[in-house]
Amino acid sequence: MLISFEGIDGAGKSTQIQKLVTSMTSEGVDVVTLREPGGTPAAEKIRLILLENSHKISPIGELLLFSASRAELVQEVIVPALASGKTVILDRFYDSTTAYQGYGRGINLDLLQSIISISTCAVTPDITFYLDIEPEEALKRKFAKTSIPLEFEGEGLDRMERSGIEFYRKVQQGYREIMRQNSERFVSINALQPTGVIHFQIMESLKARFPV
Ligand code: TYD
């Protein structure tokens, strides 16, 4: 089974993934957790290029780099893990590309779709959890621990995070559109709820959709 998590930066995906891994592992499920971009030695290098803010990258360059990282991860890790019966939990997958590079950067959605097909070899999540949060709220949370001021241009932000609040609004709208078009695969969860409540909702959705 392939489970993916989506949402804008600061939505709380990592916390929920950790909780899900703990619960599934204690139930005896063999789980592999991966994040995008990254997950293989080559893909981790591509991640550095994408997130470092010492240089600019064009929207198409960005799309191809995210896709190159994904192609590596799918072929080297995801396909073999699924073939050996493991449950794969992905911190972002191709919906991020549609939301960020498509709706956020404005790349043509048909072009994007062809590149996604090439990079994923048609691997699709069985279920995708979308943690829904307003961009302003997500940013506030992200920096609550670090006292970095509430802006998208400061120190401590990676190249993507410097894209500006308007960019994040477009990404959020994009995710909502993707969900509308893939309603059977997506479960949208209000990310402002307490972490325990969100975890409970995730576990309930999984049990309802994939009864043992
Ligand atoms: P990361 O530090 O992993 O952020 P997060 O914890 O929010 O997932 O950085 C990944 C960044 O790359 C994030 O800003 C989302 C962005 N991204 C894209 O723009 N397109 C993609 O296809 C993927 C996978 C990520």
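The values are calculated or read from the model by the stated rules, or taken from the named source; none is laboratory data. What you are looking at is a predicted structure, and each value in this text was computed from that prediction instead of being measured. For neighbour counting, all protein chains shown are included, and Cβ atoms are generated from backbone atoms with ideal geometry for every residue, glycine included.
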Notebook entry, point to check: Using beta carbons and a limit of 7 Å, which pairs, at least six apart or on different chains, have the first residue in segment 81-99 and touching a residue at least 12 places away in the same chain (Cβ under 8 Å) and small (G, A, S) and the second one near the ligand (Cβ under 7 Å from one of its atoms) and not in a strand (DSSP E or B)?
Noted result: S96/E36
Notebook entry, point to check: Quick one: how many residues across segment 17-55 are within 11 Å of the ligand (Cβ to nearest atom), in a helix (DSSP H, G or I) and in contact with a strand residue (DSSP E or B) (Cβ under 8 Å, 6 or more places away or on another chain)?
Noted result: 1
Item checked: Subset of segment 26-55 that is more than 26 Å from E184 (Cα to Cα) and hydroxyl-bearing (S, T, Y) - its residue that is modelled with the lowest pLDDT -> S54
Next item on the list: Considering only residues that are β-branched (V, I, T) and within 15 Å of F129 (Cβ to Cβ), look in segment 16-30 and name the one that is surrounded by the fewest Cβ atoms within 10 Å (Cβ to Cβ).
Entry: V21
Check: Given the conditions (1) in contact with a Lys or Arg (Cβ under 9 Å, 6 or more places away or on another chain); (2) at pLDDT 95 or above, which single one is not true for R180?
Finding: (1)
Notebook entry, point to check: Residues in segment 62-71: is at least one within 15 Å of the ligand (Cβ to nearest atom), surrounded by fewer than 20 Cβ atoms within 10 Å (Cβ to Cβ) and touching a residue at least 60 places away in the same chain (Cβ under 8 Å)?
Noted result: no
Check: Inside segment 36-56, can you point out the residues that are closer than 21 Å to S163 by Cα and surrounded by 15 or more Cβ atoms within 10 Å (Cβ to Cβ)?
Finding: E36, P37, G38, I46, R47, I49, L50
Checklist line | Residue satisfying all of: in segment 72-94; surrounded by 21 or more Cβ atoms within 10 Å (Cβ to Cβ) and within 8 Å of the ligand (Cβ to nearest atom); nearest to G12 (Cα to Cα) among these | finding: R92
Notebook entry, point to check: Given (1) in contact (Cβ under 8 Å) with a residue 24 or more places away in the chain; (2) buried (at least 18 other Cβ atoms within 10 Å of the Cβ), where does E134 come up short, assuming only one miss?
Noted result: (2)
